[in-house]
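Only the coordinates and a few stated rules stand behind these numbers; no lab work does. Small disclaimer: the values here were computed from a predicted structure and weren't measured. Glycine gets a Cβ as well: all are built from the backbone with ideal geometry, and neighbour counts include every protein chain shown.
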Amino acid sequence: MTLIMFFEFLIGLTDVYIAGRISKEVQATYGFVIQLYFIFIVIANALTVGTVSVVSRLFTSRNKDELTKAVFSSIVTATIAGIILAAAYFRVQK
């Protein structure tokens, strides 16, 4: 995870540099957007890694009731987050 985030940082740094070669406004806009993107990527990675660890622990413990609850909770959380983000996106587009 640390290596992935490091490469994300390097790619973002390179993109900001290239955007700066175009104009200051483009660089400022891209710098702001990449910060938002980075925050969402960190949250998404934390949620997915946490979900995988919980589900794998419950799967190996052979506790089917808790495993079913964990999988159901993960699916519901992902669905609700998707609906909220899609609604926010479409609201911004109007």
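Remarks
- Residue check for T29: of a type in the set (S, T, N, Q) and either more than 19 Å from the chain's Cα centre (by Cα) or not in a helix (DSSP H, G or I) (or both): yes
- Residues that are in a helix (DSSP H, G or I) and of a type in the set (D, E, K, R), drawn from the stretch 58-94: K64, D65, E66, K69, R91
- Test for V49: is it touching a residue at least 24 places away in the same chain (Cβ under 8 Å) and out of contact with any helix residue (DSSP H, G or I) (no Cβ under 9 Å at 6 or more places or on another chain): yes
- Residue list for the stretch 40-81, restricted to those being among the aliphatic types (A, V, I, L, M), touching a Leu at 6+ places or on another chain (Cβ under 8 Å) and farther than 30 Å from F9 by Cα: L58, L67, A70
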